[in-house]
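What follows is a short report on a single structure.
The values are calculated or read from the model by the stated rules, or taken from the named source; none is laboratory data. Here the structure is a predicted model, which is why all the values come from computation and not from measurement. Every residue, glycine as well, gets a Cβ built from its backbone with ideal geometry; the counts of neighbours run over all protein chains shown.
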């Protein structure tokens with residue numbers, strides 16, 4: 001039976017460090033919601049027009065939309081009436097399903113090979129499309145859509161390691177409300193003040209505090225960033241590097257029967273499991 005596979009992505013609306021007097025007093029939540037409701041549409045590649053449509057709101061900040069592209073191709077066919085071969089332009093508009101929670105700031109994007117071989121490819125186009133929404137352009141917002149990976153394997157490796165020598169993590173512009181106080185939140189503010197776009201920092205020690213690393217790891221995953229650690233699995237073994245990166249968290253449904261509201265509830269539960277500290 002055909003299935004539809006959703007992947008989980010973090011969406012961030014990053015304000016410029018120096019706000020203009022023309023900018024609106026809107027939260028990232030409000031900007032994301034308004035950007036979707038404005039249904040941006042644009043030719044992102046020559047001959048490929050991308051669109052947002054079919055918006056359905058579940059409540060004040062959550063809902064569903066379809067995202068896809070329109071292309072025109074020429075086909076050759078035989079006209080029975082004239083008994084001639086003719087060329088005819090044919091328009092195709094493949095689309096995929098998306099669910100969102102603007103209050104938390106995440107998207108669930110369904111895989112659609114006709115649009116891109118990966119959901120990361122679709123996310124990249126949505127990032128471009130939302131960047132063109134009037135509210136985003138007016139407020140000079142930088143849109144970021146990043147995969148939320150499953151951190152459980154990485155966390156287990158840290159927890160069971162004999163020693164953890166180094167820990168590195170990436171950070172980007174100011175993060176949502178659930179960024180940790182130790183790492184993501186202060187460094188993202190520093191990055192924005194320096195007018196940077198991304199950064200990475202590394203800490204080292206004889207054996208780093210696992211509780212702090214676990215909190216930072218969950219925050220790093222939930223905010224769509226990456227991490228790595230240099231660990232010694234057991235006494236006497238050589239140190240190895242482990243990584244938190246890669247594909248987003250996924251969930252499959254029956255193609256004919258899946259309901260967007262159920263999908264959103266399931267993905268919200270998966271997101272909360274990643275964060276798992278009462279903040280999400």
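Quick look at the numbers
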{"item": "Lone qualifier among 69, 15 - being at pLDDT below 90, surrounded by 10 or more Cβ atoms within 10 Å (Cβ to Cβ) and not assigned by TED's automatic domain parsing to the domain that holds residue 173", "result": "15"}
{"item": "Some residue of segment 234-245 being under 20 Å from the mean Cα position of the chain (by Cα) and at pLDDT below 90", "result": "yes"}
{"item": "Those residues of segment 123-138 which are outside any helix (DSSP H, G or I) and buried (at least 20 other Cβ atoms within 10 Å of the Cβ), in sequence order", "result": "133"}
{"item": "Matching residues, segment 204-217, being surrounded by 17 or more Cβ atoms within 10 Å (Cβ to Cβ) and in contact with a strand residue (DSSP E or B) (Cβ under 7 Å, 6 or more places away or on another chain)", "result": "208, 213, 216, 217"}
{"item": "Total residues in segment 34-56, condition touching a strand residue (DSSP E or B) at 6+ places or on another chain (Cβ under 9 Å), surrounded by 14 or more Cβ atoms within 10 Å (Cβ to Cβ) and closer than 23 Å to residue 104 by Cα", "result": "9"}
{"item": "Residue list for segment 75-122, restricted to those being part of a strand (DSSP E or B) and within 16 Å of residue 48 (Cα to Cα)", "result": "89, 90, 91, 92, 95, 96"}
{"item": "Where a residue in segment 29-53 is at positive phi and assigned by TED's automatic domain parsing to the domain that holds residue 90 and its partner, wherever it lies, is in a strand (DSSP E or B) and buried (at least 20 other Cβ atoms within 10 Å of the Cβ), with Cβ under 9 Å and at least six apart", "result": "39/52; 39/65"}
{"item": "Enumeration of residues in segment 197-217 that are over 20 Å from the mean Cα position of the chain (by Cα) and assigned to a loop (DSSP other than H, G, I, E, B)", "result": "205, 206, 207, 208, 209"}
{"item": "Residue match in segment 36-57 (condition: in a helix (DSSP H, G or I) and at pLDDT 90 or above)", "result": "yes"}
{"item": "Condition met for residue 228 (over 23 Å from the mean Cα position of the chain (by Cα) and outside the structural domain of residue 59 (by TED's automatic domain parsing))", "result": "no"}
{"item": "Boolean, residue 252 is closer than 30 Å to residue 65 by Cα, surrounded by fewer than 16 Cβ atoms within 10 Å (Cβ to Cβ), at pLDDT 90 or above and in the same structural domain as residue 108 (by TED's automatic domain parsing)", "result": "yes"}
{"item": "Among the residues listed as 141, 158, the single one being assigned by TED's automatic domain parsing to the domain that holds residue 43, within 26 Å of residue 198 (Cβ to Cβ) and either touching a residue at least 40 places away in the same chain (Cβ under 8 Å) or over 22 Å from the mean Cα position of the chain (by Cα) (or both)", "result": "141"}
{"item": "Residues satisfying the stated conditions in segment 246-262, i.e. on the phi < 0 side of the Ramachandran plot and under 16 Å from the mean Cα position of the chain (by Cα)", "result": "247, 248, 249, 250, 251"}
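Here's the yes/no breakdown for (1) assigned to a strand (DSSP E or B); (2) touching a residue at least 24 places away in the same chain (Cβ under 8 Å); (3) surrounded by 15 or more Cβ atoms within 10 Å (Cβ to Cβ):
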site	(1), (2), (3)
219	no, yes, yes
231	yes, yes, yes
235	no, yes, no
243	yes, yes, no
